[in-house]
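What follows is a set of notes on a single structure, which appears directly below.
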Amino acid sequence: MSFYPTDRLALFIDGANLYSAAKGLGFDIDYRKLLEEFRKRGVLKRAYYYTALVEDQEYSPIRPLVDWLDYNGFQLVTKAAREYVDSQGRKRWRGDMDVEIAVDMMEMADHADHLVLFSGDGDFRRLVEAVQRKGARVTVVSTIKSQPPMASDDLRRQADTFVDLADLSEIIGRPSRLPRFLHENKVAERPRSKDAEADVDV
């Protein structure tokens, strides 16, 4: 990654997208290590974490992670997940954070030299282009080494730098809590809800 010690940095973490990418690579994100790593690479101005929360649940599996992040240097951006029924009649939750990420990145482009986007979503290509026109550099962190790949080709081309999450696994990762035989036999992932990134330890 190309960082300069005087770079003013801002991180933008699409929680659900990063969770899926890390799980696809077989490890969990250690958010303490992630923050420490980027504090070494420049002057960290903000670290945003975006996730949708299911309201009115007696227990939300993501709540402990969200609370920890909120007290440990992350700026939490949340909104209520919307309930819908899928084609099999199962209740699901949807919570798209694209607008929130776009607004914050555009605002921070005036106050930071280098923005780091943890998402492979191709919908962000135009956002990255707009931020670059403001003079900020953009690094995208996602992966093309999972099956299927998580990073859009268009987004990778637009970014100043693309970093494959697999190359950061030794720096900001810890072994997945899934039993080893699940990885070795490539058993299908557990069904995941929008809150699924809560399985990540801190």
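Restricting attention to the stretch 100-158, which residues are acidic (Asp, Glu), within 14 Å of the chain's Cα centre (by Cα) and not in a loop (DSSP other than H, G, I, E, B)? Quick ask: steps written out before the conclusion?
The first filter runs over the stretch 100-158 and keeps only residues acidic (Asp, Glu), leaving 100, 104, 107, 110, 113, 121, 123, 129, 153-154.
Those still in the list that are within 14 Å of the chain's Cα centre (by Cα) too: 100, 121.
If the condition is that a residue be acidic (Asp, Glu), within 14 Å of the chain's Cα centre (by Cα) and not in a loop (DSSP other than H, G, I, E, B), then GLU100 is the only one that fits.
Name the residues in the stretch 159-172 that are polar (S, T, N, Q) and part of a helix (DSSP H, G or I), would you? Spell out how you get there, then give the answer.
Here is the first cut: in the stretch 159-172, the residues polar (S, T, N, Q) are 161, 169.
Selection gives SER169 alone.
For the stretch 1-26, which positions are outside any loop (DSSP other than H, G, I, E, B) and small (Gly, Ala, Ser)? Outline the logic, then answer.
Within the stretch 1-26, the first condition is being outside any loop (DSSP other than H, G, I, E, B), and the residues that meet it are 8-25.
Answer for the stretch 1-26, where residues must be outside any loop (DSSP other than H, G, I, E, B) and small (Gly, Ala, Ser): ALA10, GLY15, ALA16, SER20, ALA21, ALA22, GLY24.
Quick test of your reading of the structure: THR143 fulfils all but one of (1) in contact with a Pro (Cβ under 8 Å, 6 or more places away or on another chain); (2) on the phi > 0 side of the Ramachandran plot. Name the failing condition by number.
The failed condition is (2).
Provide a single number: the residues in the stretch 30-71 that are at pLDDT 95 or above, in a loop (DSSP other than H, G, I, E, B) and over 16 Å from the mean Cα position of the chain (by Cα).
Of the residues in the stretch 30-71, 1 are at pLDDT 95 or above, in a loop (DSSP other than H, G, I, E, B) and over 16 Å from the mean Cα position of the chain (by Cα).
Quick one: how many residues across the stretch 107-125 are aromatic (Phe, Trp, Tyr) and over 15 Å from LEU35 (Cα atoms)?
First, the residues of the stretch 107-125 that are aromatic (Phe, Trp, Tyr): 118, 124.
Now restrict to residues that are over 15 Å from LEU35 (Cα atoms): 124.
Here the count works out to 1.
What's the total number of residues in the stretch 115-126 that are surrounded by 24 or more Cβ atoms within 10 Å (Cβ to Cβ) and of a type outside the set (Ser, Thr, Tyr)?
At the first step, the residues of the stretch 115-126 found to be surrounded by 24 or more Cβ atoms within 10 Å (Cβ to Cβ) are 115-120, 124.
Those left that are additionally of a type outside the set (Ser, Thr, Tyr): 115-118, 120, 124.
Of the residues in the stretch 115-126, 6 are surrounded by 24 or more Cβ atoms within 10 Å (Cβ to Cβ) and of a type outside the set (Ser, Thr, Tyr).
The values are calculated or read from the model by the stated rules, or taken from the named source; none is laboratory data. Since this is a predicted model, take the numbers as computed values, not measurements. We place every Cβ from the backbone using ideal geometry, glycine too, and count neighbours over all the protein chains shown.
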